[in-house]
Amino acid sequence: MKDLDLVTIGRSSVDLYGQQIGGRLEDMASFVKAVGGCPANIAIGAARLGLKTALISRVGDEAMGRFIREQLVREGVSVDGLATDPHRLTALVLLGVRDQETFPLIFYRTDCADAALDESDITRDLIARSRAVLVTGTHFAKANSDAAQRKAIRLARETGAKVILDIDYRPNLWGLAGHGAGDRRYIPSDQVSAHLSGILPDCDLIVGTEEELHIAGGTTDTIAALKSIRKLAPRALIVAKRGAEGCAAFPVAIPDALDEGIRGPGFPVEVYNVLGAGDAFMAGFLSGWLRDAPLETCCTYANACGAIAVSRLLCSPEYPGTKELMHFLAQGSSHRALRFDAVLNHLHHATTRRPVPRKLAILSIDHGFQDFEQFGKGRHVEAGRVAYFKTLAVKAAAEASAQFKERNGLGVGMFLDGTLGREALFRAEDHDFWIARQLPHGERVRLTEWPMRQVAKLIANGRSDARTPYSQHVSEIRQVFAAAQALGREVLIEALPPEGETTAMMLERLYGEGLKADYWLIELQHDAAAWAAIDAVIGAQDPLCRGVIVIARNAQSGPDLKRAGRQPRVMGFVGGRSVFSVAFRLWLGGDVDDIAAVTLMRKQLQHFATDFAGEG
């Protein structure tokens, strides 16, 4: 059974992108991490556009290899063909943006895992499951990986799969330039041309830049190169990538000019980084071609995906999904620098977020020292004791987690802080929790220090007795929101309306400020009309919002919590002092030990979960 649309084969690396634009790699001070490598990029890009994809490659048995594997799974890419090599490290690439024409990169590939790919990594079962197999030019440069890809081609032919060649020419990976010449796009080589000529006859689709077509065709005259390729591959569709001019596709005879090929519209945008844009192009093209779309449509998708990618810094994390691509094709953008298009950016962020549980039971223990003094009810409270108690709350959440998943499908979350809750944050990262982290005043510049899955938790407080005026709250929230967006981080906003204003009105006001929170934290509503108003506001302003989390303030909130659990946009509840304050007071006074305090918190969280799930 062919349950896959596409299997890609070859490089899988961790890309480390320099964040200082316009400087030399020598002067880069910080880097951002992403999955890279042509086949891995294409598999991710195509999966985002709705194709079922798999990657055949190797990674090391270490953190970088696990990062690639986990990210592929998050993106919906099958890792059935991704081997873990116990003897080699995952490939690394350092990249930068020097100017509009210069993009320095260094490949760290000496005896790396993906370069060790061999015939044992290619199985008939995986190839037979796919409608198409994509091989890449770079992996023909070594004997072992050449043999692996030739085996994949043979199996594809035997099992009825199409064969796609991404020429993916990197001269220094063919040994034609030194380590410092990773950005060299073309060096003529009769040996490489002859090598590729033996691959071309078995291909159904051949894609490359003009320089890549030159190396495959053995000449720097593009039309002559195309005609040479056509002689070797008489039945293949050949696609020439032309940068800002789009592309040209040649299903049959090669004309005397590139413009006479089948084309889709180009999209003139500001070039920010060309690295990886060709892989986005290929993903876009295949999203049409593997669905038998007209070639003009395939070219349009490819050109648009390439334009979106070239206007952003990273490779695969920047590729569009279907919603973003269709919006761009329908609406375009008023920005040549697409990274400044707020609508496009929100669509991208909202459609590429990490998966989270559909429903959440959340334990909040991000309260400050003064709050815990009140919870102690006159007992002596020390900061160190509070910090330790917060780690007990993590244990309570962990104990609840397995029961929730088995009983009602709830995931577990926590609200934590980075001061008294610092150690608790570390311990929470040991578990598969959804985590929102309180952001105190002045901490917004430290978002880069947080683990990526931690959600920034902010408060928009419209109450008249708020310590900080509402206008100041909104000003700070907007700054943090922008910083979080730039880092691809999610944001939760607690919306507390002023007296005389409904929650729906408060949300409308915050949306008017340009704040499209990933999650809204709100108080329980007491009637259907209130819920309908909230649903209408979110539906009109941001239908891609992940959902609403409600606050369970006391044990008597059961009926309202049960009603909330039935609302389509409500994805969870949070209990704070209503879950832990009794346990804390008893524990602080020595009336219960650690184990009993953990049990008390777990049982109270379970009580709320039962109400929320409509059980009992």
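The values are calculated or read from the model by the stated rules, or taken from the named source; none is laboratory data. All values reported here derive from a predicted model rather than from experimental measurement. No Cβ is skipped: glycine too gets one built from the backbone with ideal geometry, and neighbour counts run over all protein chains shown. Keep in mind that these areas ignore ligands, DNA and RNA; they rest on the heavy atoms of the full protein, side chains included. Shrake-Rupley method; radii C 1.70, N 1.55, O 1.52, S 1.80 Å.
Among Ala517, Ala528, Met506, whose Cα sits farthest toward the positive end of the charge dipole of the range 493-539 (+1 at Cβ of Lys/Arg, -1 at Cβ of Asp/Glu, about the Cα centre)?
Looking along the dipole axis, the top candidate is Ala517.
Rounded to the nearest 500, what is the chain's calculated 222 nm mean residue ellipticity when only DSSP H runs of at least 4 contribute -39500 (n - 2.57) each, over all residues?
-12000 deg cm²/dmol
In the range 21-72, which trypsin sites (Lys or Arg not before Pro) fall in coil by DSSP and have 15 or fewer other Cβ atoms within 10 Å?
Here the trypsin sites (Lys or Arg not before Pro) that fit, given the DSSP loop and packing criteria, are Arg24.
Between Leu329 and Asp221, what is the spin-label point distance in nm, taking each point 7 Å from the Cα along the Cα→C-beta axis?
Label-label distance for Leu329 and Asp221, simple model: 3.7 nm.
In the set (1) 29.2; (2) 26.5; (3) 30.4, which value of Kirkwood radius over Cα pairs in Å was calculated from the structure you see?
Only one listed value fits the structure, namely (2).
How high is the relative contact order of the chain, given as a whole-number percent (alpha carbon pairs under 8 Å, six or more residues apart)?
About 9 percent, as a whole number.
Compute the accessible area per residue over the chain, keeping the other protein chains in place, probe 1.4 Å, unit Å².
41
So which trypsin sites (Lys or Arg not before Pro) in the range 557-615 are both in a DSSP loop and have at most 14 other Cβ atoms within 10 Å of their Cβ?
Within the range 557-615, the qualifying trypsin sites (Lys or Arg not before Pro) (loop, at most 14 other Cβ atoms within 10 Å) are Arg566.
Given a cut-off of under 8 Å on Cα pairs at least six residues apart, what relative contact order in percent is computed for the range 495-605?
Averaging sequence separation for qualifying contacts and normalising by length gives 20 percent for the range 495-605.
For Lys377 and Arg422, what is the calculated FRET efficiency with R₀ set at 22 Å and r taken between the beta-carbons, to the nearest 0.05?
Here the calculated transfer efficiency is 0.30.
Roughly what % of DSSP beta bridges within the chain run antiparallel, to the nearest 5?
Antiparallel bridges: around 20 percent, rounded to the nearest 5.
Can you give the local net charge around Tyr388? Use residues other than it whose beta-carbon is closer than 12 angstrom to its beta-carbon, Lys and Arg +1, Asp and Glu -1.
Taking every Cβ under 12 Å from that of Tyr388, the sum is +2.
On the principal axes of its Cα set, how long, how wide and how thick is the range 80-144? Give whole Å, largest value first.
45, 31, 22
What list of ³J(HN,Hα) couplings, whole Hz, do you get for the range 551-568 from phi and the Karplus terms 6.51, -1.76, 1.60, once you set θ to phi - 60° and write x for glycine and proline?
In residue order, the calculated couplings are 9, 9, 7, 7, 5, 8, 7, x, x, 5, 5, 5, 5, 4, x, 8, 6, x Hz.
List the lysines whose alpha-carbon lies under 23 Å from that of Lys323, not counting same-chain residues fewer than 8 positions away?
Partners found: Lys52, Lys516.
Explain nothing, just compute: Karplus ³J(HN,Hα) = 6.51 cos²θ - 1.76 cosθ + 1.60, θ = phi - 60°, for every residue of the range 498-506 in order, whole Hz, x for Gly and Pro.
x, 4, x, 10, 7, 4, 4, 5, 5
Ignoring ligands, DNA and RNA, what percent of the accessible area of the chain is carbon or sulfur (1.4 Å)?
Summing carbon and sulfur atoms, their accessible area is 50 percent of the total for the chain.
In nm, to one decimal, how far is the Gln541 label point from the Gln479 one, both placed 7 Å along Cα→Cβ?
2.2
Students often get this wrong, so check it: of Lys390/Lys457; Lys33/Lys162; Lys359/Lys457, which have C-alpha atoms separated by over 29 Å?
Lys33/Lys162
Count the net charge of all other residues whose Cβ sits under 10 Å from the Cβ of Arg242, scoring Lys and Arg as +1 and Asp and Glu as -1.
My count for the surroundings of Arg242 gives -1.
Work from the charge dipole of the chain (Cβ charges, +1 for Lys and Arg, -1 for Asp and Glu, about the Cα centre) and give the residue of Val548, Gly22, Gly321 farthest towards its positive end.
Of the options given, the answer is Val548.
State, as an integer percentage, the relative contact order of the range 301-450 based on alpha-carbon contacts under 8 Å between residues 6 or more apart.
19
Return the sequence-ordered ³J(HN,Hα) values of the range 412-422 in whole Hz as given by the Karplus equation 6.51 cos²θ - 1.76 cosθ + 1.60 applied to θ = phi - 60°, using x for Gly and Pro.
Those phi angles translate into 10, x, 9, 9, 9, 10, x, 9, 5, x, 4 Hz.
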